[in-house]
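Participant: Below: one structure in structure tokens.
The values are calculated or read from the model by the stated rules, or taken from the named source; none is laboratory data. Here the structure is a predicted model, which is why all the values come from computation and not from measurement. Virtual Cβ from ideal backbone geometry, glycine too; neighbours counted across all protein chains shown. SASA here: full protein model, heavy atoms, side chains in, ligands and nucleic acids out. Shrake-Rupley method; radii C 1.70, N 1.55, O 1.52, S 1.80 Å.
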Amino acid sequence: MSARDAARGIDSLRRGWPVTVDCGGGAALTLLAVETADPVRLQAFDPGGVAGVLLSAGRAATLRLGNQIAAAAPESPVLVERAPWLDFSAAIGLADPSHDLDSPLKGPFRAVPLSCRDAARAGLRLAVLAGLLPAFFVLDGGVADVTITPDDLDAHDDATRLAIATRAHLPVTGAEHAEIIAFRSPEMAGEHVALLIGSPTGHPPLVRLHSECLTGDVLGSLKCDCGPQLDAAIAAIAANGWGILLYLRQEGRGIGLINKLRAYALQDQGFDTVDANTRLGFAVDSRNFSVAARMLALLGQRSVRLLTNNPAKVAALEAAGVAVAERVPHILPANPHNERYLATKRDRTGHEF
């Protein structure tokens with residue numbers, strides 16, 4: 001397994017370059033991300049106009065394509081057959097649901113069997129890591145400058161080599177006695193940080209896992225509760241006398257800033273946050289909490305009191321070897337802009353308020 005190859009694959013997709021995914025046994029799929037392609041790149045990639053369009057099962061279901069082939073299980077990718085009217089513009093329409101109401105799709109489109117389903121799944125997963133829409137032009141075989149395997153993506157997600165990079169005292173609003181610690185991994189692009197507040201007491205620290213939210217944490221968005229949760233978590237930890245805030249660089253539940261904003265656009269059309277994510281082709285939650293567990297291990301914390309309304313976070317930490325001695329509720333009042341968002345978290349993702 002090579003995290004380096006996965007990183008090269010991510011970089012290639014973001015630059016609009018094709019990537020080959022090795023299926024094993026001499027078979028392969030070569031992928032060109034729809035989002036970062038253009039008509040010229042598509043012509044160079046597929047001069048014969050035969051490359052199909054690979055979509056996630058969630059997006060295919062929205063387009064009523066997933067039921068056209070028996071193998072279209074909910075977790076499976078779907079390949080749309082290339083047709084004369086499926087040009088670059090039409091492919092963008094297939095890939096991005098935020099434009100569904102602006103430009104009705106042409107069609108008809110037909111789903112066809114995939115030659116290598118594991119490679120297709122790996123491609124969709126690579127798109128998530130790159131922060132791109134999970135949609136590709138696909139050719140059987142082919143050789144791109146970068147070749148990856150599905151195992152390479154497992155190496156990229158591996159948090160075992162995460163290490164402390166540096167630390168410094170950092171008084172913050174609500175907690176003047178605090179220390180910030182930065183973590184870095186050779187496999188992952190973003191740095192994660194921990195804010196240690198107060199002094200160890202010999203008891204499990206009060207811990208908050210906070211996923212990065214530029215719109216809420218920095219710009220004060222009222223569409224979510226992230227900014228108030230961050231401020232309230234620092235205050236609660238300070239009042240407790242000892243605890244840790246983990247700030248995880250996993251914007252938009254792991255789908256990235258741009259895709260999160262696309263989900264916002266879908267919410268403006270009436271979809272809730274769960275349906276918006278799945279219509280874009282993503283999982284409801286793509287975050288990797290093994291990173292948080294590794295950070296806590298490096299800080300010497302094997303047992304915590306977890307400040308959260310999300311039982312899934314408790315389960316994720318415990319699965320990664322961190323004991324959760326207590327789940328401490330973290331409930332804040334709603335506002336007119338996030339009432340539906342909070343109700344969706346309660347009713348559809350298991351949050352307990």
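Participant: Please name all residue pairs, on different chains or six or more residues apart, with Cβ atoms under 6 Å, provided the first residue is in region 134-162 and is over 20 Å from A3 (Cα atoms) and the second residue is open to solvent by 40 Å² or more (accessible area, probe 1.4 Å).
Facilitator: Pairs found: D140/S115.
Participant: Sticking with this structure for a sec: Determine which member of the set R167, R208 is among the basic types (K, R), in contact with a strand residue (DSSP E or B) (Cβ under 8 Å, 6 or more places away or on another chain), surrounded by 21 or more Cβ atoms within 10 Å (Cβ to Cβ) and outside any loop (DSSP other than H, G, I, E, B).
Facilitator: R208
Participant: For I244, only one of the following conditions fails: (1) assigned to a helix (DSSP H, G or I); (2) more than 25 Å from L124 (Cα to Cα); (3) in contact with a strand residue (DSSP E or B) (Cβ under 9 Å, 6 or more places away or on another chain); (4) open to solvent by less than 50 Å² (accessible area, probe 1.4 Å). What is its number?
Facilitator: It is condition (1) that I244 fails.
Participant: While we're here: With at pLDDT 95 or above and under 30 Å from Q267 (Cα atoms) as the only criterion, which of A90, A60, A73, A37 stands out?
Facilitator: Answer to the check: A37.
Participant: If you go through region 170-188, how many residues are touching a Lys or Arg at 6+ places or on another chain (Cβ under 9 Å) and open to solvent by 70 Å² or more (accessible area, probe 1.4 Å)? Walk me through it before giving the result.
Facilitator: Going through region 170-188, the residues touching a Lys or Arg at 6+ places or on another chain (Cβ under 9 Å) turn out to be 179-183, 185-188.
With open to solvent by 70 Å² or more (accessible area, probe 1.4 Å) added as a condition, the list becomes 186.
Going through region 170-188 one residue at a time, the tally reaches 1.
Participant: Could you check, for region 111-123, whether at least one of its residues is out of contact with any Ser or Thr (no Cβ under 7 Å at 6 or more places or on another chain), open to solvent by 60 Å² or more (accessible area, probe 1.4 Å) and without any contact (Cβ under 8 Å) to a residue 60 or more places away in the chain? Show your work before the answer.
Facilitator: Taking region 111-123 first, the residues out of contact with any Ser or Thr (no Cβ under 7 Å at 6 or more places or on another chain) are 111-116, 118-123.
When the remaining residues are screened for being open to solvent by 60 Å² or more (accessible area, probe 1.4 Å), the result is 113, 115, 118, 121.
From what's left, without any contact (Cβ under 8 Å) to a residue 60 or more places away in the chain: 113, 121.
Among the residues of region 111-123, at least one is out of contact with any Ser or Thr (no Cβ under 7 Å at 6 or more places or on another chain), open to solvent by 60 Å² or more (accessible area, probe 1.4 Å) and without any contact (Cβ under 8 Å) to a residue 60 or more places away in the chain, which makes the answer yes.
Participant: Could you please find all residues in region 247-278 being open to solvent by 10 Å² or more (accessible area, probe 1.4 Å) and within 23 Å of I197 (Cβ to Cβ)?
Facilitator: Matches in region 247-278: Y247, R249, Q250.
Participant: Limited to region 1-46, what total is found for residues that are among the hydroxyl-bearing types (S, T, Y) and over 20 Å from the mean Cα position of the chain (by Cα)?
Facilitator: Count: 3.
Participant: Let me ask you something else. Could you please find all residues in region 130-164 being open to solvent by less than 60 Å² (accessible area, probe 1.4 Å) and part of a helix (DSSP H, G or I)?
Facilitator: Answer for region 130-164, where residues must be open to solvent by less than 60 Å² (accessible area, probe 1.4 Å) and part of a helix (DSSP H, G or I): A130, P150, D152, L153, A155, H156.
Participant: Another question about this same structure. Please state which one of A239, A235 is closer than 30 Å to N338 by Cα, without any contact (Cβ under 8 Å) to a residue 24 or more places away in the chain and open to solvent by 40 Å² or more (accessible area, probe 1.4 Å).
Facilitator: A239
Participant: How many of the residues making up region 291-316 are among the polar types (S, T, N, Q), over 25 Å from A165 (Cα atoms) and surrounded by fewer than 20 Cβ atoms within 10 Å (Cβ to Cβ)? Outline the logic, then answer.
Facilitator: Residues of region 291-316 that are among the polar types (S, T, N, Q), as a first pass: 301, 303, 308-310.
Checking the rest, the ones that are also over 25 Å from A165 (Cα atoms) come to 308-310.
With the extra rule that they be surrounded by fewer than 20 Cβ atoms within 10 Å (Cβ to Cβ), the set shrinks to 310.
Summing the residues that are among the polar types (S, T, N, Q), over 25 Å from A165 (Cα atoms) and surrounded by fewer than 20 Cβ atoms within 10 Å (Cβ to Cβ) in region 291-316 gives 1.
Participant: Within region 13-35, is even one residue out of contact with any Leu (no Cβ under 9 Å at 6 or more places or on another chain) and among the basic types (K, R)?
Facilitator: Scanning region 13-35, I find at least one residue that is out of contact with any Leu (no Cβ under 9 Å at 6 or more places or on another chain) and among the basic types (K, R), so the answer is yes.
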